[in-house]
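This report refers to the structure that appears directly beneath it.
The values are calculated or read from the model by the stated rules, or taken from the named source; none is laboratory data. Predicted model, so just to flag it, every value in this text is computed and none were measured. A quick note on method: Cβ atoms are made from the backbone with ideal geometry, for glycine too, and the neighbour counts reach across all protein chains shown. Side chains are part of the model used for accessible areas, which takes the heavy atoms of the whole protein and leaves out ligands, DNA and RNA. Shrake-Rupley method; radii C 1.70, N 1.55, O 1.52, S 1.80 Å.
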Amino acid sequence: MRKIDSYSHLFPPAYFERMKALAKDQGAIKRWLTVPVLYDLDARLKMMDEFPGYQQILTLSSPPIEFVAGPEDSPELARLANDGMAEIVAQHPDKFPAFVASLPMNNVEAALREMDRAIGKLGARGIQIFTNVNGRPLDDPEFWPIFEKAVNEYQVPIWMHPARGANFPDYLTEKKSKFEIWWTFGWPYETSAAMTRMVFSGFFDKLPEMKLITHHMGAMIPFFDGRVGPGLDQFGSRTSDEDYEGLLERMPKRPIDYFRMFYADTALAGSKAGVACGLEFFGAEKVLFATDCPFDPEGGPAFIRSIPDAIDALDLSEADREGIYFGNALKLLKMGCGC
């Protein structure tokens, strides 16, 4: 069956070299330097040839552009990323039918201009954001024009990737997160927190047509559907210094119904239970096949094998399988059925 990997990562060569030059903390990019398929296009194409019918929607890998570069340099870095992605898609449309635009989120005016250029001129099919902007929440009013433009002007989906490093401590008495807890559990928390801020900040009421793809199957939300369901039906009962109960009364829908409006992907490292949980929560029509390539123990191919194994082990109809593997992506990205 045709498979469109809706969340795979790549560093275009020019971007990769400039990012390495700008990165002040080389330790922060240690992992990326040891995965050739991430930045070597020939290695990527050779690996993909092992999987007939397999294609990738290209997204830039973390770290976020705004983490690497300040507001003066980040616009140039975003342009390099998007130019490189567009060139790769143009050269290899059979392997890479589309790419997602990267934005310099620490320079909102430049981000809006780059969105115009990347979508309007280069043909990007959406934008990628991270769950925070150097520690600032996405519902900060400064970032609102980016969401508004993506949804209302361009009607493109938004890819949301977690962003959290060891500098986010797990305990108030410490200065850093130990044992890579910041990644293992911090990334799912980051995604869930960003989703919750969007729900209660009214994103879906103001932008009802917003299509936002949450990486890693909506993170914690599907497993904790009882907490975001009956639990948040009691929103405000635990808080005395803000009128959350009044906010809940003003919301047109239950909180859990807003959470179901997000999209999700299957990038769960091959977890059958996780995929089943996410499908039950979001519904097959809102789940897209994704592998997180090349971040697996083999540096590329492992999750391309194991994630379909997990999907195919479930009792899904052929229509649902087709939707997950390629149909939902084609519809979301408005690519028709012949790309």
#### Entry: In region 155-187, chymotrypsin sites (Phe, Trp or Tyr not before Pro) in a DSSP loop with at most 16 other beta-carbon atoms within 10 Å
171, 179, 185
### Query
Using heavy-atom solvent-accessible surface (probe 1.4 Å) with all chains present, what is the largest-first order of 6, 237?
237, 6
### Query
Under 5 Å between amide H atoms, partner at least 5 residues away or on a different chain: which partners does residue 130 have, H built in plane at 1.01 Å?
161
### Task
Would you be so kind as to identify which of 128, 264, 86 lies farthest towards the positive end of the dipole of the chain, taking Lys and Arg as +1 and Asp and Glu as -1 on Cβ and the Cα centre as origin?
86
### Query
What is the distance, in nm, between label points placed 7 Å from the Cα along the Cα-to-Cβ direction at residue 254 and at residue 40?
5.2
### Task
State the percentage of accessible surface on the chain attributable to carbon and sulfur atoms; use a 1.4 Å probe and exclude ligands, DNA and RNA.
53
### Query
For 102, 201, what's the largest-to-smallest order of accessible area, 1.4 Å probe?
201, 102
### Query
How about region 157-255: which trypsin sites (Lys or Arg not before Pro) there are in a DSSP loop, with at most 15 other Cβ atoms within 10 Å of their Cβ?
175, 176, 178, 238, 253
### Message
With +1 assigned to the C-beta of every Lys and Arg and -1 to the C-beta of every Asp and Glu, and no other charges, what is the dipole magnitude of the chain about the Cα centre in debye, to the nearest 20?
### Response
320
### Task
Pick out, from 141, 177, 103, the residue whose Cα sits farthest towards the positive end of the charge dipole of region 89-188, with +1 on the Cβ of Lys and Arg and -1 on the Cβ of Asp and Glu.
177
### Query
Which value, in debye to the nearest 20, gives the size of the charge dipole of region 183-298 about its Cα centre, when Lys and Arg are +1 and Asp and Glu are -1 at the Cβ?
180
## Note on the structure
Rounded to the nearest 5, the percent of DSSP beta bridges in the chain running antiparallel is 10
#### Entry: Whole-angstrom gap from region 1-21 to region 39-62, using each part's C-alpha centre
8
### Task
Using only Cα atoms, figure out Rg for region 181-339 and give it as a multiple of 2.2 N^0.38 Å.
1.13
### Query
Considering the alpha-carbon set of region 55-149 alone, what are its Rg and its Dmax in angstrom?
12.9, 40
### Query
Which whole-Hz couplings ³J(HN,Hα) result when phi for each residue of region 139-156 is put into the Karplus expression 6.51 cos²θ - 1.76 cosθ + 1.60, θ = phi - 60°, listed in order with x for Gly and Pro?
8, 4, x, 4, 8, 4, x, 5, 5, 4, 5, 4, 7, 7, 8, 9, 6, 10
#### Entry: Cα-based Rg / Dmax (Å) for the chain
19.3, 58
